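Computed from the coordinates by the stated procedures, all read-outs in this text should not be read as laboratory data. Remember, predicted model here, so these are calculated numbers, not experimental data. Note that we place each Cβ from the backbone using ideal geometry, even for glycine, and neighbour counts take in every protein chain shown.
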Amino acid sequence: MDDSRLTIRISGYNIPSEAIPAGETPESITAAYARISRSPKNISELRDEARAHVDKARRSNERIVYDMGHASIAEHACLNIDIEGISRLALEILERHRLASYTERSQRYVKLDIEPWIPEEVRQAGEEQTFVSLQKEAVSLYSEMVDAGIPREDARYVLPMAVPGQVGMTVNARTLEHMILHLLATPLKEAQTLGHKLLEGTGDLIPSLIRYVEPSEYHIREASMGLTGPIHQQYDELSENVTWQGNGVGRLSPLVIPPSIEMTAAAAYLAHTHSVCFSRAQSMLEAMEHDRIVDLISQMYKGASIHDSLPRALEHVNITWEMVLSSAAFAQLKRHRIAGITWGRYLPHLGFTVPPSIAQSSFAPRLHETVLKAEALFGRLSSSPASSYVLMGGHRRQVIWTANVREHFHFSRLREDEHAQWDIRAFATAMGDLLRNRMPVFGRFLGGKSELTDSNS
Ligand SMILES: Cc1cc2nc3c(=O)[nH]c(=O)nc-3n(C[C@H](O)[C@H](O)[C@H](O)COP(=O)(O)OP(=O)(O)OC[C@H]3O[C@@H](n4cnc5c(N)ncnc54)[C@H](O)[C@@H]3O)c2cc1C
């Protein structure tokens, strides 16, 4: 076969900024790619032209990305950004943006060396002293627990959300612009500072791709969700209690599960594999013996390894859950990007997740005492978006999470697994149990990597 017609050429890749020659900018790539659709020239010629005339390339970007509205062109410019000294709370706001990649320092593995840090709002509220002493108390309890053999991943439940972390982020210019706008709209000074720093740090490099970062009233209202707003004391008691080793870790309630979830998912798969319309696939399934349906679904994953996703057809069925979970568990849930997720404020009356290792230790009364102090301070700061800074890893929030069935299998692989952290694992297992019950045939494929072997597939 003559395959010389088809060529690939690596036109760019990310290298450390120290090694990039002066004057180079990803804007030459976006400008060249923007012209692909209307120019007879080949791509390397377009790139050479854009690199030789950066000012012209920038004007072209502005015209095509903004005036003509082809914002997707900005996705071809990609940056790697190191972010250090960011609080757990601000990290949540940053990672709200799903079309980016993040790698964080893990509080499960690294013993933290923490200097007290005072958010501006806490200082302005005159609670500086109380907050410093709360942080010192929490950090010293954390250190004592770690030294006494409590696992780090459990000791961190006492750490306030002001505690800093670090994250490596890979992001394209389109998402970055949106991220900066959202950070600037957030009623938290630290988030605004991060927004300004991202703008300053990238504005000279890709000025033609970061332009609209002025928040509107709408952005400001949206960005305040989960940080401010009225506090209602009750929570729906209909949801299931989620426990781990006999300790309550929160609540879970299936809000929307299609009544015939197994048949709907199977029909979507059949429609795809047999090139028939969905209603025809449903009639075919209705006419089938149960054993044949089991066989059809079982064949679906044949030959796949536990690292393979289930077929794409399973994306047509969505499930929505409501959860009340700790900040530590939420930190992990939010990393699953193929999902719709919204959340409320961290609120003391939703409970505090005490890790079993602490509940069974002599540290339990001290943890309780520190939590009460944090909650008293939260009460005094509750009208401020900064109130969440004083709450800790064990404090909880309510979350609504929607994901398709395919993503549920992925979530189960990672989070029902024996390597998963116990808190998020308790939720993944509770979800998995409910789904195994509601879709017994597909349910065979649910489970952590450690429990499934390739031959199960
Ligand atoms: C035991 C354990 C330990 C962990 N430790 C750490 C840690 O120390 N630090 C840390 O930062 N994180 C850690 N994580 C989080 C982990 O790195 C993932 O961010 C998280 O599990 C979400 O998984 P995901 O990216 O596969 O899936 P999702 O975001 O749920 O995406 C589902 C699938 O979509 C595809 N996908 C989604 N987005 C992209 C993209 N941008 N590019 C290409 N494909 C994409 C992939 O196929 C992915 O598997 C840990 C996770 C586990 C389970």
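For n ≥ 4 DSSP H runs only, could you compute -39500 (n - 2.57) per run for the chain, divide by its residues and tell me the 222 nm figure to the nearest 500? It lands at -12500 deg cm²/dmol.
Ordering of 198-204, 430-436, 151-157 by packing is 151-157, 430-436, 198-204, highest average first (other Cβ atoms within 10 Å, averaged per residue).
Between A71 and R108, the distance separating the two model label sites (each 7 Å from Cα on the Cα→Cβ line) works out to 3.5 nm.
Segment 206-224 and segment 58-75 have their alpha-carbon centroids 17 Å apart.
For segment 171-255, the list of chymotrypsin sites (Phe, Trp or Tyr not before Pro) that fall in a loop by DSSP and count at most 15 other C-beta atoms within 10 angstrom reads Y212.
Distance from the alpha carbon centroid of segment 368-443 to that of segment 272-308 works out to 33 angstrom.
When +1 charges are put on Lys and Arg Cβ atoms and -1 charges on Asp and Glu Cβ atoms, the dipole computed for the chain relative to its Cα centre reaches about 600 debye.
State the extension gain, in nm to one decimal, for the chain segment bounded by T193 and E45, taking 0.36 nm per residue of separation less the distance between their alpha-carbons. It would help to have the intermediate numbers written out before the result.
Numbers: separation 148, 0.36 × 148 = 53.28 nm, distance 4.04 nm.
Residue separation times 0.36 nm, minus the Cα-Cα distance, leaves 49.2 nm.
Over the chain, calculate the relative contact order: mean separation of alpha carbon pairs under 8 Å at least 6 apart, over the residue count, as a percent. In percent, rounded to a whole number, it is 17. For I64, I341, I83, I73, the sequence from fewest to most other C-beta atoms within 10 Å is I341, I83, I64, I73.
Among the GluC sites (Glu not before Pro) in segment 204-275, those placed in a DSSP loop whose Cβ has at most 13 other Cβ atoms within 10 Å are E237. Students often get this wrong, so check it: of K197/K373; K197/K449; K111/K197, which have C-alpha atoms separated by over 30 Å? Cα-Cα > 30 Å for K197/K373; K197/K449; rest within. Close amide-amide hydrogen proximity is noted between Q166 and R105, each under 5 Å apart and 5 or more residues distant or on a separate chain (H modeled in the peptide plane; Pro and chain starts excluded). Across all Cα pairs in the chain, the calculated P(r) in 20 Å bins from zero up to the longest distance comes to 21, 47, 30, 2 percent per bin.
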